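Please read the structure below before turning to the comments.
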């Protein structure tokens, strides 16, 4: 029986259905029969007239909108899923989710950093917009990996999720802008480039963008799903689960 992974996006997927279809197609191609991916988004209207990139820069709105995602992890475990993936570089409530459930909880940010550390000594993350870059910097600090991260930056000019999805069918200008930003970072020592936003990363995965010059461009979805599978295997084979001392303690 294949491993079942709940992939939780923080986007209103009804508004960017091509993104959901893209994740599902990528999962089928990459994972084949090894795992099944259930892609879940947030309800339509969650962000009102704002894009997620714009809305989540507001800390109060971030808390109000993304707090319920913790219960999605609980629901995934209740339904028998083997792992839960947070498909967002804002990495909401990772500690709370790992405290709430026993199944592995994986984030795009953490998985990308851990895999990136095995592919090069210096990692650079490029987000779609300054708000997302700021949240990603906070996540890097939470994981104490600043020494391995050369930079966290954003496209200039930035693009929100709806601008990105509009560019999906002809992403040449997006790829050019990303490549230009990446080359400046590579010239300064970056060896692994992480597209640090889901919609943008899915476009690059679909286009097969794997390297810029000699630097690796990480497929963040493949990294997260692979990391989830490894944790599921450790749990099944050895009973290895998240520590309950300190950070993920249940009291």
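Scanning the stretch 232-251 for residues that are free of Cβ contacts under 8 Å to residues at least 40 places away in the same chain and surrounded by 13 or more Cβ atoms within 10 Å (Cβ to Cβ) yields 233, 234, 244. On the given criteria, is residue 193 in contact with a strand residue (DSSP E or B) (Cβ under 8 Å, 6 or more places away or on another chain) and either farther than 30 Å from residue 48 by Cα or not in a loop (DSSP other than H, G, I, E, B) (or both)? Yes, satisfied. Scanning the stretch 123-147 for residues being in contact with a helix residue (DSSP H, G or I) (Cβ under 7 Å, 6 or more places away or on another chain) and in a loop (DSSP other than H, G, I, E, B) gives a total of 4.
Let's see how each residue does on (1) closer than 22 Å to residue 226 by Cα; (2) part of a loop (DSSP other than H, G, I, E, B); (3) in contact with a strand residue (DSSP E or B) (Cβ under 6 Å, 6 or more places away or on another chain); (4) at pLDDT below 95:
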position: 18; (1), (2), (3), (4): no, no, no, no
position: 28; (1), (2), (3), (4): yes, no, no, no
position: 37; (1), (2), (3), (4): yes, no, yes, no
position: 81; (1), (2), (3), (4): yes, yes, yes, no
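Residue 217 meets each of the listed conditions (1) free of Cβ contacts under 8 Å to residues at least 40 places away in the same chain; (2) closer than 20 Å to residue 120 by Cβ; (3) surrounded by fewer than 18 Cβ atoms within 10 Å (Cβ to Cβ); (4) under 20 Å from the mean Cα position of the chain (by Cα) apart from (3).
Tell me, please, whether a residue that is in contact with a strand residue (DSSP E or B) (Cβ under 8 Å, 6 or more places away or on another chain), surrounded by fewer than 13 Cβ atoms within 10 Å (Cβ to Cβ) and not assigned by TED's automatic domain parsing to the domain that holds residue 22 can be found in the stretch 207-214. Walk me through it before giving the result.
From the stretch 207-214, those in contact with a strand residue (DSSP E or B) (Cβ under 8 Å, 6 or more places away or on another chain) are 209-212; that's our starting set.
When the remaining residues are screened for being surrounded by fewer than 13 Cβ atoms within 10 Å (Cβ to Cβ), the result is 210-211.
Now narrow it down to the ones that are not assigned by TED's automatic domain parsing to the domain that holds residue 22: 210-211.
Yes, because at least one residue in the stretch 207-214 is in contact with a strand residue (DSSP E or B) (Cβ under 8 Å, 6 or more places away or on another chain), surrounded by fewer than 13 Cβ atoms within 10 Å (Cβ to Cβ) and not assigned by TED's automatic domain parsing to the domain that holds residue 22.
Return the only residue of 119, 229 being assigned by TED's automatic domain parsing to the domain that holds residue 52, surrounded by fewer than 21 Cβ atoms within 10 Å (Cβ to Cβ) and touching a strand residue (DSSP E or B) at 6+ places or on another chain (Cβ under 8 Å).
Numbers: 119 fails: assigned by TED's automatic domain parsing to the domain that holds residue 52.
None of the other options fit; the residue is 229.
Does the stretch 156-177 contain at least one residue that is surrounded by 15 or more Cβ atoms within 10 Å (Cβ to Cβ), in contact with a strand residue (DSSP E or B) (Cβ under 7 Å, 6 or more places away or on another chain) and within 15 Å of residue 218 (Cα to Cα)? Taking every residue of the stretch 156-177 in turn, none turns out to be surrounded by 15 or more Cβ atoms within 10 Å (Cβ to Cβ), in contact with a strand residue (DSSP E or B) (Cβ under 7 Å, 6 or more places away or on another chain) and within 15 Å of residue 218 (Cα to Cα).
The values are calculated or read from the model by the stated rules, or taken from the named source; none is laboratory data. Please read these numbers as outputs of a predicted model, since none were measured by experiment. Reconstructed Cβ throughout: ideal geometry from the backbone, glycine too, with neighbour counts over all protein chains shown.
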